[in-house]
1. Since residue 137 meets every condition but one in (1) at pLDDT below 95; (2) more than 25 Å from residue 61 (Cα to Cα), which condition does it not meet?
2. Go through the stretch 82-122 and give me each residue that's outside any loop (DSSP other than H, G, I, E, B) and touching a strand residue (DSSP E or B) at 6+ places or on another chain (Cβ under 8 Å).
3. How many residues does the stretch 8-60 hold that are touching a helix residue (DSSP H, G or I) at 6+ places or on another chain (Cβ under 9 Å) and on the phi > 0 side of the Ramachandran plot?
4. Out of the stretch 4-54, which residues are without any contact (Cβ under 8 Å) to a residue 24 or more places away in the chain and either assigned to a strand (DSSP E or B) or touching a strand residue (DSSP E or B) at 6+ places or on another chain (Cβ under 6 Å) (or both)?
5. Kindly indicate the residue of the stretch 125-144 that is over 23 Å from the mean Cα position of the chain (by Cα) and part of a loop (DSSP other than H, G, I, E, B) and also surrounded by the fewest Cβ atoms within 10 Å (Cβ to Cβ) among those meeting that condition.
6. All but one of (1) surrounded by 14 or more Cβ atoms within 10 Å (Cβ to Cβ); (2) more than 28 Å from residue 104 (Cβ to Cβ) hold for residue 22, so report the exception by its number.
7. Out of the stretch 149-171, which residues are crowded, with 23+ Cβ neighbours inside 10 Å and under 12 Å from residue 194 (Cβ atoms)?
8. For residue 109, indicate whether it is modelled with pLDDT under 95 and within 17 Å of the chain's Cα centre (by Cα).
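The values are calculated or read from the model by the stated rules, or taken from the named source; none is laboratory data. Being a predicted model, the structure only gives us computed values, none of them experimental. Note that we place each Cβ from the backbone using ideal geometry, even for glycine, and neighbour counts take in every protein chain shown.
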């Protein structure tokens, strides 16, 4: 699915979090959203998820304009978006397999296909021998791969990654980014990754949207 921001401004009272943002991400692209903390990266991801509303402008997800979308269509769009976060946000009293099953149940995934889908995504992220463990029993790298498996389970057309390497050491950071790259190529889903890790951004050769103080300062 494509993502388009048109003349987007987001204000919090007198504070401008985003100012006249314009960009297009084609369906199937892998794009980095780069910039220091406070530059507006997380605000953009929250706007895509409709967790917050823009002060001005519009957002297109696929063929849907979010400014005048019905609740039914918005729910349908959200079910096509997988999200991973810096702090994982796994349910602590459920195993990794149960965490994935929970999100599949929420989106009404066909019940007879749930186990097969769990098997597929756990294998894809290399956690087959950790599937019955709880979050407290996993390393940081394993936790983020588990969160990625959960995001993949719903067969998303878009994956949003909000500083996913922020709590990882360099080795696990690179392993996660390689996984995302492989998923982008194999699943053909759009990936938008917010990060301030300049080494990762430069190494992958993907398109970059650079932000500073709520403005796009460079697009490549």
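1. Here residue 137 clears every test but (1).
2. Pass one, the stretch 82-122, residues outside any loop (DSSP other than H, G, I, E, B): 82-85, 96-106, 111-122.
Listed by number, the residues that qualify are 82, 83, 84, 85.
3. 4
4. Result: 12, 15, 24.
5. If we take residues in the stretch 125-144 being over 23 Å from the mean Cα position of the chain (by Cα) and part of a loop (DSSP other than H, G, I, E, B), then 132 is surrounded by the fewest Cβ atoms within 10 Å (Cβ to Cβ).
6. Only one criterion in (1) surrounded by 14 or more Cβ atoms within 10 Å (Cβ to Cβ); (2) more than 28 Å from residue 104 (Cβ to Cβ) is unmet by residue 22, namely (1).
7. 159, 160, 161, 164, 165 - these are the residues of the stretch 149-171 that are crowded, with 23+ Cβ neighbours inside 10 Å and under 12 Å from residue 194 (Cβ atoms).
8. When the stated conditions are applied, residue 109 does not pass them.
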